[in-house]
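Undergrad: A single structure is presented below for examination.
The values are calculated or read from the model by the stated rules, or taken from the named source; none is laboratory data. Keep in mind that this is a model prediction, so the values were computed, not measured. Every residue, glycine as well, gets a Cβ built from its backbone with ideal geometry; the counts of neighbours run over all protein chains shown. Keep in mind that these areas ignore ligands, DNA and RNA; they rest on the heavy atoms of the full protein, side chains included. Shrake-Rupley method; radii C 1.70, N 1.55, O 1.52, S 1.80 Å.
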Amino acid sequence: DAGITQSPRHKVTETGTPVTLRCHQTENHRYMYWYRQDPGHGLRLIHYSYGVKDTDKGEVSDGYSVSRSKTEDFLLTLESATSSQTSVYFCAISDRGSAKNIQYFGAGTRLSVL
Amino acid sequence: AQSVTQLDSQVPVFEEAPVELRCNYSSSVSVYLFWYVQYPNQGLQLLLKYLSGSTLVKGINGFEAEFNKSQTSFHLRKPSVHISDTAEYFCAVSDAGGYNKLIFGAGTRLAVHP
């Protein structure tokens, strides 16, 4: 998975608890993304980062926050998890230049909110 | 705003038959186009991409796609499928001048039968 590690791979939590998902890359790529995958919706962008401490919202950002204090790490936090946030979460990375705008994906984190 | 429509949610096909997975997009700006494949319980893998140049793009595993600007389509084809091609396929578009953010279609599940 192109030097991308997502942790944890599986998590079960209760409604109202905070949850943090981690994405770690070893490719030194500038851009990092968080998507969620739900049946019938494909993947939808939650947040993205275009550099250390530089982040912005995607199309489904409500209820989520992110942080990027180092090039290699991008954290996704659910401040107070809800059942509607049960999903599979994918991290992706990309860069410009020779990488030609291609995104590479991690293996995903399956989150269940009970 | 950009959007992607994958016209078939499921495509059943027999082994060694040809297949076409259809994708239409809408955008007011220049775009890059991608097809990704997802095998069960895995992340997404890039099949092929259109960035510029020749409208016929060849990818991995014998797949190809044709960019048709007038019809805003990017259909994926394979002349002879194998059982191992059974997977979910996602068409995606990104803004050629942006942060490589991807907009995905809802996906097409290809089921290859013996």
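Undergrad: Output the residue which, of all residues in the range B:6-20 that are open to solvent by 70 Å² or more (accessible area, probe 1.4 Å) and not aromatic (Phe, Trp, Tyr), is nearest to the other protein chains (Cβ to nearest Cβ).
TA: So the residue we want is B:9.
Undergrad: Looking at A:72, A:59, A:14, A:27, can you tell me which residue is at pLDDT 95 or above, acidic (Asp, Glu) and within 27 Å of residue B:39 (Cβ to Cβ)?
TA: A:72
Undergrad: Looking only at residues that are acidic (Asp, Glu) and in a strand (DSSP E or B) in the range A:56-73, which one is farthest from the other protein chains (Cβ to nearest Cβ)?
TA: Out of the qualifying residues, it is A:73.
Undergrad: Sticking with this one: Quick test for you: out of A:77, A:55, A:15, pick the one residue that is under 19 Å from residue B:102 (Cβ atoms), among the β-branched types (Val, Ile, Thr) and out of contact with any Gly (no Cβ under 6 Å at 6 or more places or on another chain).
TA: Result: A:55 is the single residue among A:77, A:55, A:15 that is under 19 Å from residue B:102 (Cβ atoms), among the β-branched types (Val, Ile, Thr) and out of contact with any Gly (no Cβ under 6 Å at 6 or more places or on another chain).
Undergrad: Kindly state which strands (runs of 3 or more DSSP E) lie completely within the range B:21-114 and contain at least 1 residues that are within 13 Å of chain A (Cβ to nearest Cβ) and either free of Cβ contacts under 8 Å to residues at least 60 places away in the same chain or open to solvent by less than 50 Å² (accessible area, probe 1.4 Å) (or both).
TA: B:23-26, B:31-38, B:44-50, B:56-58, B:87-95, B:102-104, B:108-113
Undergrad: Looking only at the range A:23-55, filter to residues that are among the basic types (Lys, Arg) and assigned to a loop (DSSP other than H, G, I, E, B); which one of those is most open to solvent (accessible area, probe 1.4 Å)?
TA: A:53
Undergrad: Could you check the range A:56-72 and list, in sequence order, the residues that are surrounded by fewer than 16 Cβ atoms within 10 Å (Cβ to Cβ) and among the acidic types (Asp, Glu)?
TA: Matches in the range A:56-72: A:56, A:59, A:62.
So that you can scan it fast, the table gives a plain yes or no per residue for (1) out of contact with any Phe, Trp or Tyr (no Cβ under 7 Å at 6 or more places or on another chain); (2) within 15 Å of residue B:94 (Cβ to Cβ):
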{"site": "B:15", "(1), (2)": "yes, no"}
{"site": "B:28", "(1), (2)": "yes, yes"}
{"site": "B:46", "(1), (2)": "no, yes"}
{"site": "B:53", "(1), (2)": "yes, no"}
{"site": "B:76", "(1), (2)": "no, no"}
